[in-house]
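Q: Let me give you the structure first, and then I'll get to my questions.
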Amino acid sequence: MRKYLYLLKTQLSLVATYRFDFWWRWLNNILQFGVYFALWSLTAINDPVALKRLFLYYALYFGIVNNLQRGQGAQKIADAVGSGNLNSMLLKPVYYPLVEIIGTGSRLLSLTILPVLLFVAGIVFFPSIFAPANVLHFVAFLVLAIMGFIVWNIMITIIGYTSFWVIEIRSFRVVIDLIFEFLKGGYVPAYMFPIALSTALKFTFIPYLVSFPISVYMGEVGTTEIVTGMLTITAWAIVLLFISVRLYRKGLKNYEAYGN
Amino acid sequence: MEIRRHLKIYLLLVKASWLAFLAHRFEVVMSSLANLVWTTSQLIGLSFLVQRMPVLQNWTKSDLVLLLSLSQVYFYTSYIVYASNLDDMGKRVIEGTLDFHLLKPVNVQFLNSFEKTQISQIFSFTVACIPLIVYAFVTRTAPVNSILVIEGVIVLVVGLIVLYLLRLTMSGLVFFFDEIESVNQLVFQYMNDFVRTPLDALPKILLYLFTFIIPYAFASYYPVMIINGNVNFIPILGIGILLAIVLYWLSGRVWKGGLKRYAGAS
């Protein structure tokens, strides 16, 4: 356990090393927020309530929740498998997928620092816009955001493991990213989806990654639904973890590498 | 003579790209699919938007679809011809593999821009863009004026050239600033979303930004406005040509200065 904590500490220290990169990523977040808010705000002209909802939705989406669900974890796994560098990790007394998740996850956690601080400042100075519905909803939002982070990282390991069978997965990963970005509610706010689509998505874990936590923050769901949502995402996490572990073991049986 | 020689070289490079395309079929299929999914998601998003607002500040559905389709023309053209090559500039400078390009008796800007052609995206371009453009024109309620369409196409072509020169200039800055790749990503990936946004619906400052600084407006917004007869062709064409001249001069200066600073790996 200590080695993983040490790895986490080392990865987080990279924030201090690559400061420019992080500042630019935060700027990119602001830009993405600006683009999509500007576009969809055209549907909420003369409706301050809808405008506020849209603002908070995209602020939470691009500021915090989606930041926890990015990264190149799948590509890094694919590169390690394709190049044969996975060998060096297999010789070490660590569980490779967990190392990758810590590496990717620590970067993502550091990306959320500034938006979280801005949100706290927003809650203090502009509570009518930024404040959550109540403390319970806020805590539930945090828990769901962390669960979403875990589920997402398990999912990208599954995508990465396809490289055991298909060498180049770069574009495959992009296809998956695009589909998820759309279905999570990035290009179109999730609450504007047609009812048929929203209903179909309820059978997947996708709404629980971003749009459900945001709805919880805004107080749009009751306590029963929050509990149901948490149980649902936990169940999905277990299922995906099972698939990930099985796929990794199968992939290792298929894996070959030559050289040093 | 030089132009003919570079054209022959370009055809050889395209042939090499074609052979590479045949060697990595799964990646090629996925790469085409990725861009098709992107275009489809934008079209679906547009449909959701139009469902809520059939007319978006004087922009009808067919106008928005035309705006989207022209933005996709820019996106695919840049991606097929030069974008991935120029995006690799930073890596070539850092690793020193730019030396291989410098040793060749070919214009270095030309080689760095057009080395690889994304053959697979030609399929995506055909499947995604052409039906969208046809759909946009078929669903128009206003009559289509052929002269305005030709003028719109001319401005689009000028826009494509201007945006190429901008990208060439920005990629040349990698000789001076290590972190310029992040800036390029900001400009050419994240700001890309503005190409398919009706700019007159946004604050005026953004219209000026995307006309004079990052001229995305020439790739889609102005061509659509010209086709609709909402703006005059000559001033827009004049601004576009002026920007092209300025960026051509600037890219030459940046690359010349950058190559003087370049140390290489040898």
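The values are calculated or read from the model by the stated rules, or taken from the named source; none is laboratory data. None of these values were measured; they are calculated from a predicted model. When we count neighbours, we look across all protein chains shown, and the Cβ atoms used for this are built from the backbone with ideal geometry, even at glycine. Quick note on the areas: whole protein, heavy atoms, side chains included, nothing else; ligands and nucleic acids left out. Shrake-Rupley method; radii C 1.70, N 1.55, O 1.52, S 1.80 Å.
Q: B:Phe233 is checked against (1) in contact with a Ser or Thr (Cβ under 9 Å, 6 or more places away or on another chain); (2) away from every other protein chain (no Cβ under 14 Å); (3) in contact (Cβ under 8 Å) with a residue 60 or more places away in the chain; (4) not β-branched (Val, Ile, Thr) and fails just one. What number does that condition carry?
A: With respect to (1) in contact with a Ser or Thr (Cβ under 9 Å, 6 or more places away or on another chain); (2) away from every other protein chain (no Cβ under 14 Å); (3) in contact (Cβ under 8 Å) with a residue 60 or more places away in the chain; (4) not β-branched (Val, Ile, Thr), B:Phe233 is out only on (1).
Q: Please determine, by comparing only the residues of the stretch B:56-69 that are on the phi < 0 side of the Ramachandran plot and either within 11 Å of another protein chain (Cβ to nearest Cβ) or in contact with a strand residue (DSSP E or B) (Cβ under 6 Å, 6 or more places away or on another chain) (or both), which one is surrounded by the most Cβ atoms within 10 Å (Cβ to Cβ).
A: It comes out as B:Leu64.
Condition check ((1) more than 30 Å from B:Thr139 (Cβ to Cβ); (2) touching a Lys or Arg at 6+ places or on another chain (Cβ under 8 Å); (3) of a type outside the set (Val, Ile, Thr)) across all residues:
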{"position": "B:Thr169", "(1), (2), (3)": "yes, no, no"}
{"position": "B:Val195", "(1), (2), (3)": "no, no, no"}
{"position": "B:Lys204", "(1), (2), (3)": "no, no, yes"}
{"position": "B:Thr211", "(1), (2), (3)": "no, no, no"}
{"position": "B:Phe233", "(1), (2), (3)": "no, no, yes"}
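Q: From B:Ala83, B:Ala136, grab the single residue that is in a helix (DSSP H, G or I) and within 17 Å of the chain's Cα centre (by Cα).
A: B:Ala83
Q: Among what's in the stretch A:244-260 and is polar (S, T, N, Q) and assigned to a helix (DSSP H, G or I), pick the residue that is nearest to A:Met155 (Cα to Cα).
A: Across the stretch A:244-260, the extreme among qualifying residues is A:Ser244.
Q: Failed condition for B:Thr126, given (1) within 14 Å of chain A (Cβ to nearest Cβ); (2) open to solvent by 30 Å² or more (accessible area, probe 1.4 Å); (3) of a type in the set (S, T, N, Q), with all others met?
A: Only one criterion is unmet by B:Thr126, namely (1).
Q: Same structure, new question: Does A:Ala121 count as more than 15 Å from the chain's Cα centre (by Cα) and open to solvent by less than 50 Å² (accessible area, probe 1.4 Å)?
A: Yes.
Q: Just for the stretch A:220-247: of the residues that are out of contact with any Leu (no Cβ under 9 Å at 6 or more places or on another chain) and within 18 Å of A:Gly185 (Cα to Cα), which one is least open to solvent (accessible area, probe 1.4 Å)?
A: The residue in question is A:Val221.
Q: Next question. Quick one: B:Ser113 ticks every box in (1) within 13 Å of chain A (Cβ to nearest Cβ); (2) touching a Leu at 6+ places or on another chain (Cβ under 9 Å); (3) hydroxyl-bearing (Ser, Thr, Tyr) except a single one, so which number is it?
A: (1)
Q: Continuing with this model, one more query. Please indicate, with yes or no, whether at least one residue in the stretch A:118-132 is in a loop (DSSP other than H, G, I, E, B), under 28 Å from B:Ala201 (Cα atoms), within 13 Å of chain B (Cβ to nearest Cβ) and at pLDDT 80 or above.
A: No, the stretch A:118-132 contains no residue that is in a loop (DSSP other than H, G, I, E, B), under 28 Å from B:Ala201 (Cα atoms), within 13 Å of chain B (Cβ to nearest Cβ) and at pLDDT 80 or above.
Q: Check the stretch A:227-243 and report whether any residue there is within 27 Å of A:Ser128 (Cβ to Cβ) and not in a loop (DSSP other than H, G, I, E, B).
A: yes
Q: To continue, here is another question. Looking at B:Phe194, B:Phe188, B:Phe175, which is the one that is within 19 Å of B:Ala244 (Cα to Cα) and either open to solvent by 30 Å² or more (accessible area, probe 1.4 Å) or not small (Gly, Ala, Ser) (or both)?
A: B:Phe188 is the lone residue from the list that is within 19 Å of B:Ala244 (Cα to Cα) and either open to solvent by 30 Å² or more (accessible area, probe 1.4 Å) or not small (Gly, Ala, Ser) (or both).
Q: Pick from A:Leu144, A:Leu209, A:Leu183: which is within 12 Å of chain B (Cβ to nearest Cβ), in contact (Cβ under 8 Å) with a residue 12 or more places away in the chain and crowded, with 22+ Cβ neighbours inside 10 Å?
A: The match here is A:Leu183.
Q: Can you pull out the residues in the stretch A:143-171 that are among the aromatic types (Phe, Trp, Tyr) and not in a helix (DSSP H, G or I)?
A: Selection gives A:Trp165 alone.
Q: Still on this model: Which helices (runs of 4 or more DSSP H) sit wholly inside the stretch A:1-97 and have at least 1 residues that are open to solvent by less than 70 Å² (accessible area, probe 1.4 Å), at pLDDT 85 or above and more than 14 Å from chain B (Cβ to nearest Cβ)?
A: Hits in the stretch A:1-97: A:48-60.
Q: If I filter the stretch A:163-176 for residues that are in contact with a Lys or Arg (Cβ under 8 Å, 6 or more places away or on another chain) and either touching a residue at least 12 places away in the same chain (Cβ under 8 Å) or charged (D, E, K, R) (or both), do I get at least one hit?
A: yes
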